[in-house]
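Comments concern the structure below.
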Amino acid sequence: MREYNLDDTQFIIQLLNSEGWLAFIGDKNVHTEEDAKAYLLNGPMKSYTENGYGLSLVATKEDLTPIGMCGLIKRDNLDFPDIGFAFLPEYVGKGYAFEIASATITYAKDTLKLPIVYGITMPENASSKKLLEKIGLSVEGWYSFPNQENKLLLLKLTF
């Protein structure tokens, strides 16, 4: 796991247009190098500077092939960050998400000293909900992004 940089634009285009991302996170309209640069600069890279954490690239240990992202996201309408993760389809169900999400929770607790971490997922995203519960989060209630009507599951882990 490492912080994103502007050399990661092709991977961002691939990940953000993968089937799972589009189905459960939504279309971020990232289709070109310029779109990907803007996404990285205004999302993960901005979060590193402003919050000291953010979404990071996840790669295989063997050959450092980029396979997904995981990290903490600070939202304006939540008091504490939520954990986010997404993987390319060919790496789903192989234990990578559990390994890196567990490490992210440990980092949140031990290094950042956060008292709470949230998780947000669509109710129909059973695999995401299962992973969040496996790393210790429990359903807390419902969450909606500002100016959106759809209800998402809000999960919470208190340390």
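The values are calculated or read from the model by the stated rules, or taken from the named source; none is laboratory data. Just so we're clear, the structure is a prediction, and the values are computed from it rather than from any experiment. A quick note on method: Cβ atoms are made from the backbone with ideal geometry, for glycine too, and the neighbour counts reach across all protein chains shown. With ligands, DNA and RNA removed, areas are computed over all heavy atoms of the protein, side chains included. Shrake-Rupley method; radii C 1.70, N 1.55, O 1.52, S 1.80 Å.
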Top-ranked residue of segment 125-142 - restricted to ones that are in contact (Cβ under 8 Å) with a residue 12 or more places away in the chain and of a type in the set (D, E, K, R), ranked as nearest to F85 (Cα to Cα): K129
Number of the exception - A36 against (1) open to solvent by less than 50 Å² (accessible area, probe 1.4 Å); (2) aliphatic (A, V, I, L, M); (3) under 16 Å from C70 (Cα atoms): (3)
Segment 57-86 - residue that is assigned to a loop (DSSP other than H, G, I, E, B) and among the aliphatic types (A, V, I, L, M) and, of those, most open to solvent (accessible area, probe 1.4 Å): L64
Condition met for F145 (under 16 Å from the mean Cα position of the chain (by Cα) and either open to solvent by 30 Å² or more (accessible area, probe 1.4 Å) or without any contact (Cβ under 8 Å) to a residue 60 or more places away in the chain (or both)): yes
Residue match in segment 100-121 (condition: in contact with a Phe, Trp or Tyr (Cβ under 9 Å, 6 or more places away or on another chain), assigned to a loop (DSSP other than H, G, I, E, B), open to solvent by 30 Å² or more (accessible area, probe 1.4 Å) and without any contact (Cβ under 8 Å) to a residue 24 or more places away in the chain): yes
Every residue from segment 3-33 that is touching a residue at least 40 places away in the same chain (Cβ under 8 Å), open to solvent by less than 50 Å² (accessible area, probe 1.4 Å) and not in a loop (DSSP other than H, G, I, E, B): D8, F11, L15, G20, W21
Segment 41-56 - residue that is open to solvent by less than 50 Å² (accessible area, probe 1.4 Å) and of a type in the set (S, T, Y) and, of those, farthest from Q10 (Cα to Cα): Y53
Failed condition for K46, given (1) in a helix (DSSP H, G or I); (2) under 22 Å from K134 (Cα atoms): (2)
